[in-house]
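Colleague: Encoded as structure tokens, here's the structure I'll be asking about.
The values are calculated or read from the model by the stated rules, or taken from the named source; none is laboratory data. Owing to the predicted nature of the structure, the values given are computational and were not obtained by experimental measurement. Cβ coordinates were reconstructed from backbone atoms using ideal geometry, including for glycine residues, and neighbour counts include every protein chain displayed. For accessibility, only protein heavy atoms count, side chains too; no ligands or nucleic acids. Shrake-Rupley method; radii C 1.70, N 1.55, O 1.52, S 1.80 Å.
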Number of protein chains: 2
Amino acid sequence: MAYPMNGGNGQYSYSNNSSFQRGAIHATKELINEAIAENLDIKNFSSSNTFRVTDLGCSVGPNTFVAVQNIIDAVNLKYQSQGHRTPEFQVFFNDHALNDFNTLFTSLPPDRLYYAAGVPGSFHSRIFPSASLHFVIISYALHCLSRVPKEVLDKTSPAYNKGRIHYSNSSDKVVEAYAAQYAKDMECFLNARAQEVVCGGLVAIIVPGCPNGIPHSQIFVNMWYELFGSCLLDMVQKGIISEEKVDSFNLPTYFASPQEVEAAVERNGCFHIERMEMVPQERPSGNSSTSRGRVMSSQIRAGVSGIIKEHFGEEIIDELFDALHKKFDESSLFESWNGTNMFVLLKRIATI
Amino acid sequence: MAYPMNGGNGQYSYSNNSSFQRGAIHATKELINEAIAENLDIKNFSSSNTFRVTDLGCSVGPNTFVAVQNIIDAVNLKYQSQGHRTPEFQVFFNDHALNDFNTLFTSLPPDRLYYAAGVPGSFHSRIFPSASLHFVIISYALHCLSRVPKEVLDKTSPAYNKGRIHYSNSSDKVVEAYAAQYAKDMECFLNARAQEVVCGGLVAIIVPGCPNGIPHSQIFVNMWYELFGSCLLDMVQKGIISEEKVDSFNLPTYFASPQEVEAAVERNGCFHIERMEMVPQERPSGNSSTSRGRVMSSQIRAGVSGIIKEHFGEEIIDELFDALHKKFDESSLFESWNGTNMFVLLKRIATI
């Protein structure tokens with residue numbers, strides 16, 4: 001199932017509630033520049049004068065436009081520095097077919113120097129012709145699983161995740177079920193990209209990560225989800241939703257460690273890890289009129305409203321995110337802030 | 001300005017009111033098959049295994065899916081008959097950024113054997129990288145002008161088109177202004193396509209046409225527009241809209257003759273006309289529950305609602321198209337039916 005970010009340009013739209021993800025794009029801009037300067041094999045691309053870029057799981061902007069422009073600027077620099085004529089760019093904005101492409105298309109930068117296209121479909125499968133992409137970026141999207149691992153919803157399974165909506169404070173069996181689903185999804189992701197990316201082309205991954213050796217429960221996104229889960233449980237206590245409803249709900253996201261990504265890339269065999277590092281994510285802040293709790297609650301709302309509406313119904317949304325806002329404001333989560341994203345740069349290598 | 005077809009899947013959507021245009025696709029299917037079998041130079045394309053198709057001005061389906069599948073089937077046959085491995089297909093669905101791409105993407109055929117992308121933008125300008133397209137189809141779209149010719153709205157001009165919304169029964173000056181705008185737009189269209197289409201690639205145009213030597217007022221689409229204009233004038237008589245409003249409104253469409261298309265292609269110099277013929281369009285029909293007038297009125301409504309709302313306001317829409325429906329039912333327009341479309345096949349030739 002696909003649950004896109006909130007569309008449109010309204011109060012709870014992803015467009016207006018994605019400054020946190022934009023922080024990650026800014027934090028990794030230099031890394032992308034270096035990746036392109038040092039790791040892009042443009043001599044392999046000479047047969048075509050079109051350089052094709054895709055942003056997978058792009059949602060509805062403006063973040064995707066910022067990320068894409070960074071890449072284009074860096075590629076132009078690379079071509080110029082090597083004495084080549086700069087290429088034409090074709091940029092493919094990808095997300096699920098239910099994504100709000102209408103808003104994406106009408107908000108494309110009017111002064112863009114690239115040919116824009118939208119590509120509907122899941123990045124866990126093939127969505128582009130063979131060897132047609134030169135640079136892939138996937139920012140704040142690869143933690144999305146293709147489905148909730150079925151064991152965690154199965155009352156008869158040792159991995160049944162009763163009373164929780166996520167794996168981070170759950171039993172090892174639950175964590176294993178999530179990790180196994182992630183490994184399967186990464187296999188599909190890498191297989192598809194191995195076919196779509198030209199030799200010498202790059203895949204840049206930016207995603208909240210779980211540093212090696214750190215428990216899942218210690219990373220910031222999982223702490224948020226924990227807080228979010230507690231809001232749902234409070235609503236059970238108040239009789240607003242049933243316990244059964246919460247037991248049958250799990251979020252389809254997994255924040256992997258560098259080791260898990262390495263293992264997936266090694267199994268695939270078509271990519272070389274050029275770079276992999278943890279990058280600090282700036283601590284979220286509020287502003288003069290809006291508390292940090294409100295900002296964070298709205299950002300999470302923009303991301304997960306779809307799946308919440310589908311499972312619990314639309315009527316709980318306002319109350320749920322008001323509660324989350326208050327919990328954020330009261331929590332000490334931001335005081336000892338250690339948020340980190342994982343930056344991974346893969347190069348498509350020639351295979352026999 | 002861009003006025004897309006009505007989006008969504010509702011009563012007045014283009015999706016549910018485009019059987020007339022689909023008739024043109026069916027009527028030209030054999031011509032497309034022959035065009036691909038006889039005129040496509042696949043030996044030129046061998047460096048890439050991706051065959052790229054675009055439907056320009058595709059609107060929101062289902063017609064575009066039918067047209068695209070015809071093309072893919074014919075190209076596969078061509079490759080097979082010449083002993084080549086069949087290519088991968090990438091299909092670019094193009095229309096203005098305001099087109100309802102959300103509906104288009106969620107209604108893509110699930111069993112399609114091509115990679116789909118949406119391309120927002122006007123086909124009067126560049127929207128694809130150089131030499132990136134192998135087959136272009138543009139069906140029931142090339143009659144749309146990029147703008148209303150400014151003279152026809154200028155009270156001081158001899159081409160001022162007072163009391164009319166179109167050129168077909170107007171003075172020669174008005175017709176000339178429309179024809180000049182068409183010539184300019186065709187120049188832009190052909191210049192853009194000349195850069196985007198690979199040598200040996202094809203452009204297939206299907207559009208209501210005006211046979212050489214036949215007065216504009218005699219062709220079916222213009223007779224419809226005449227009827228449509230008379231409904232607006234009736235509303236002036238009734239005091240529902242002002243005379244001034246009608247005087248300042250003209251439809252930005254022009255139905256050219258084969259001679260005009262030939263002249264434009266010749267001026268451009270990058271294409272050879274492989275085929276050009278007039279193809280009969282089946283007479284529109286009603287059905288057991290809906291009169292022909294109602295069907296035709298709904299189809300025109302799906303196409304022109306946007307521009308009517310913009311100029312006259314939404315409140316006149318229902319009454320206007322009810323009136324048109326009645327005029328259609330009462331008219332003898334369909335009795336001596338001579339509707340014809342123009343089919344033009346252009347091949348991109350090598351230029352020095």
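Colleague: Ignoring everything except DSSP H segments at least 4 long, calculate the 222 nm mean residue ellipticity for chain A; use -39,500 (n - 2.57) per segment, divide by total residues, nearest 500. Don't skip to the end; give the middle numbers.
Modeller: Numbers: 9 runs with 140 residues, N = 352.
Helix-only estimate at 222 nm: -13000 deg cm²/dmol.
Colleague: Just going by the charge dipole of region A:263-352, with Lys and Arg at +1 and Asp and Glu at -1 on Cβ, which of A:Thr290, A:Gly339, A:Thr351 is farthest out on the positive end?
Modeller: In region A:263-352, that residue is A:Thr351.
Colleague: Each residue of region B:151-160 in order: what ³J(HN,Hα) in whole Hz does its phi give by Karplus 6.51 cos²θ - 1.76 cosθ + 1.60, θ = phi - 60°, with x for Gly and Pro?
Modeller: 4, 6, 9, 9, 4, 8, 8, x, 9, 4
Colleague: Next question, about the same structure. Hey, got the dipole for region B:1-76? About the Cα centre, +1 on K and R Cβ, -1 on D and E Cβ, debye to the nearest 20? Could the numbers behind the result be given before it?
Modeller: Values: 4 positive and 6 negative charges, 43 e Å.
Magnitude of the dipole: close to 200 debye.
Colleague: Sticking with this one: Measure off 7 Å from each Cα along the Cα-to-Cβ vector at A:Arg85 and A:Met276, then give the distance between these two points in nanometres to one decimal.
Modeller: Using points 7 Å along Cα→Cβ, the separation is 4.0 nm.
Colleague: Next question. Along Cα→Cβ at 7 Å, what distances in nm separate the B:Ser336 label point from those on the other copies, shortest first?
Modeller: B:Ser336 label point versus its equivalents elsewhere: 9.2 nm.
Colleague: Along the Cα→Cβ direction, 7 angstrom out, place labels at A:Lys245 and A:Glu38. What is the inter-label distance in nm?
Modeller: So the two model labels end up 5.1 nm from each other.
Colleague: Within a 10 angstrom radius of each residue's Cβ in B:89-98, how many Cβ atoms of other chains show up on average? Whole number is fine. Walk me through the numbers before you get to the answer.
Modeller: Details: counts 1, 6, 0, 5, 2, 1, 1, 2, 8, 3.
Mean partner shielding for this stretch: 3.
Colleague: Taking only the alpha carbons of region A:137-268, what extent do you get along each of the three principal axes, in Å, biggest first?
Modeller: That gives 57, 29, 26 Å along the principal axes, largest extent first.
Colleague: Next question, about the same structure. According to the Kirkwood expression over distinct Cα-Cα pairs, how big is the hydrodynamic radius of region A:182-245, in Å? Numbers along the way, then the final one.
Modeller: Numbers: mean 1/r = 0.0646 Å⁻¹.
It works out to 15.5 Å.
Colleague: Further, regarding this structure: Hey, in the GNM for chain A with a 10 angstrom Cα cutoff, which one of A:Ala74, A:Ala180, A:Ala159 fluctuates hardest?
Modeller: Of A:Ala74, A:Ala180, A:Ala159, the Gaussian network model singles out A:Ala180 as fluctuating most.
Colleague: Follow-up question, since we're still on this one. For chain A, with the dipole built from +1 on Lys and Arg beta-carbon atoms and -1 on Asp and Glu ones, taken about the Cα centre, which of A:Tyr167, A:Val75, A:Met186 lies farthest toward the positive end?
Modeller: After comparing all options, I get A:Val75.
Colleague: What does the convex hull of the alpha-carbon atoms of region B:38-78 project to on average, in nm²?
Modeller: On the way: hull surface 13.8 nm².
Over every viewing direction, the Cα hull of region B:38-78 projects on average to 3.5 nm².
Colleague: For region A:14-348, what is the per residue volume of the convex hull drawn over the alpha-carbon atoms, in cubic angstrom? Please report the intermediate quantities before stating the final value.
Modeller: Details: hull volume 45.9 nm³, N = 335.
Residue-normalised Cα hull volume stands at 137 Å³.
Colleague: Quick check: pseudo-label points 7 Å beyond the Cα along Cα→Cβ at B:Glu310 and B:Ala180, how many nm apart are they?
Modeller: 2.2
Colleague: From zero outward in steps of 5 Å, how is the percent of C-alpha pairs of region B:237-352 spread across the bins?
Modeller: So the P(r) values, bin by bin, are 2, 9, 13, 15, 14, 13, 13, 10, 7, 3, 1, 0, 0.
Colleague: Within region A:295-313, name every residue whose backbone N is under 17 Å away from a label modeled 7 Å from Cα of A:Glu319 along the Cβ vector.
Modeller: Within reach of a label on A:Glu319, which here means backbone N under 17 Å from a point 7 Å along Cα→Cβ, region A:295-313 contributes A:308-313.
Colleague: For B:Gln259, place a label point 7 Å out from Cα along the Cα→Cβ vector, do the same in each other copy, and report the separations in nm, one decimal, smallest first.
Modeller: When each copy's label point is compared with this one, the spacings are 8.1 nm.
Colleague: Can I ask one more? For the protein assembly as shown, just run the numbers: alpha carbon Rg, then divide by 2.2 N^0.38 Å, N being how many residues it has. Numbers along the way, then the final one.
Modeller: Numbers: Rg = 28.4 Å, N = 704, 2.2 N^0.38 = 26.6 Å.
Normalised Rg, Cα atoms only: 1.07.
Colleague: Leaving out ligands, DNA and RNA but keeping every protein chain, what accessible area does B:Lys184 have, in Å² rounded to the nearest 10, with a 1.4 Å probe?
Modeller: Counting only protein heavy atoms, B:Lys184 exposes about 120 Å² to solvent.
Colleague: Now for a separate question. With springs only between Cα atoms under 10 Å apart, run a GNM on chain B and tell me which of B:Ala67, B:Ala256, B:Ala97 wobbles the most.
Modeller: B:Ala97
Colleague: Only Lys, Arg, Asp and Glu count, each charged at its Cβ (+1, +1, -1, -1), so figure out the dipole size of the protein assembly as shown about its Cα centre, rounded to 20 debye.
Modeller: Values: 58 positive and 74 negative charges, 179 e Å.
That gives a dipole near 860 debye.
Colleague: In Å and whole numbers, how far do the C-alpha atoms of region B:1-98 stretch along each principal axis, longest first?
Modeller: 47, 27, 21 Å, listed from the longest principal axis down.
Colleague: Per residue of region A:133-145, what does 6.51 cos²θ - 1.76 cosθ + 1.60 with θ = phi - 60° give for ³J(HN,Hα)? Whole Hz please, x for Gly and Pro, Karplus curve as stated.
Modeller: Per-residue couplings from phi come out as 10, 9, 8, 10, 10, 9, 10, 6, 9, 6, 7, 6, 7 Hz.
Colleague: Going by Cα centres, region A:138-159 and region B:134-195 are how many Å apart?
Modeller: 56
Colleague: Let me ask something additional. Would you report the distance distribution of C-alpha pairs in region A:73-192 as whole percents per 10 angstrom bin, up to the bin with the largest distance?
Modeller: Calculated over all Cα pairs of region A:73-192, the distribution is 11, 29, 27, 19, 10, 4, 0 percent.
Colleague: Here is a further query. For B:His84, go 7 angstrom from Cα along the Cα-to-Cβ vector, then report the distances to that same point in the other copies in nm, smallest first.
Modeller: 2.6
Colleague: Let me ask something additional. Under unit Cβ charges (Lys, Arg +1; Asp, Glu -1), what dipole magnitude, rounded to 20 debye, does chain A have relative to its Cα centre?
Modeller: The calculation lands at about 540 debye.
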